[in-house]
Amino acid sequence: AAETATQTDSIDLTLGFAGDICLADNYIPMQHLQEIGSEDIADGIDPRYIRIMRDMDLMWINNEFVYSRRGEPLPTKAWTFCGDPDNVKYLKDLGVDIVGLANNHTFDYGEESFMDTLKTLEDAKIPYVGAGRTLKEAEAPVYLEADGIKIAYVAASRAEYTIYTPEATDTEPGILW
């Protein structure tokens, strides 16, 4: 009789997910760094959390703001967040491998700042999911590999009651709904 394999291969891979990371200039971590004259993200975010994030094989965050030096806050939206594109360097300091953009703050400063955000992340070689210049880009999965294992990431959102963040279409930028 033929032998059947009863042992299965074991995979030891640690995936990290963090919601609502906000490195906007008008929010607490960046305001604190400015106040104390520091560029060390560990002075604005608890080093214990940073250590956990860095220890992940792959680390995903919800990027809850835009990177831009242009645009104005949406006039009727209560909370809007925008950070200098230079703040993208902190994602690497945090150990971030990929960001989700399908959230209610990706259009806080309008389409122009949204496009700046995409370019900033692309220039920093940080992949993103859940938003794009078109629906095709917004719905496209991103594949990352760790320890020979390929992981697919996607993101979508319907978090807003009053829609400030547009849904991506075949011809218009936005998020995946």
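The values are calculated or read from the model by the stated rules, or taken from the named source; none is laboratory data. Just so it is clear, the structure is predicted and the values come from calculations on it, not from any experiment. Glycine also receives a Cβ, built like all others from the backbone with ideal geometry; neighbour counts cover every protein chain displayed. Side chains included, ligands, DNA and RNA excluded: accessible areas come from the protein's heavy atoms. Shrake-Rupley method; radii C 1.70, N 1.55, O 1.52, S 1.80 Å.
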Residues that are open to solvent by 30 Å² or more (accessible area, probe 1.4 Å) and closer than 18 Å to Gly19 by Cβ, drawn from the stretch 161-176: Leu176
Extreme residue, most open to solvent (accessible area, probe 1.4 Å), among residues of the stretch 43-64 that are part of a loop (DSSP other than H, G, I, E, B) and touching a Gly at 6+ places or on another chain (Cβ under 9 Å): Asp55
Flag if Gly19 is within 15 Å of the chain's Cα centre (by Cα), surrounded by fewer than 20 Cβ atoms within 10 Å (Cβ to Cβ) and either of a type outside the set (Lys, Arg) or closer than 29 Å to Ala152 by Cβ (or both): yes
Test: residue in the stretch 28-42 that is in contact with a strand residue (DSSP E or B) (Cβ under 9 Å, 6 or more places away or on another chain), open to solvent by less than 70 Å² (accessible area, probe 1.4 Å), within 27 Å of Tyr164 (Cβ to Cβ) and in a loop (DSSP other than H, G, I, E, B): no
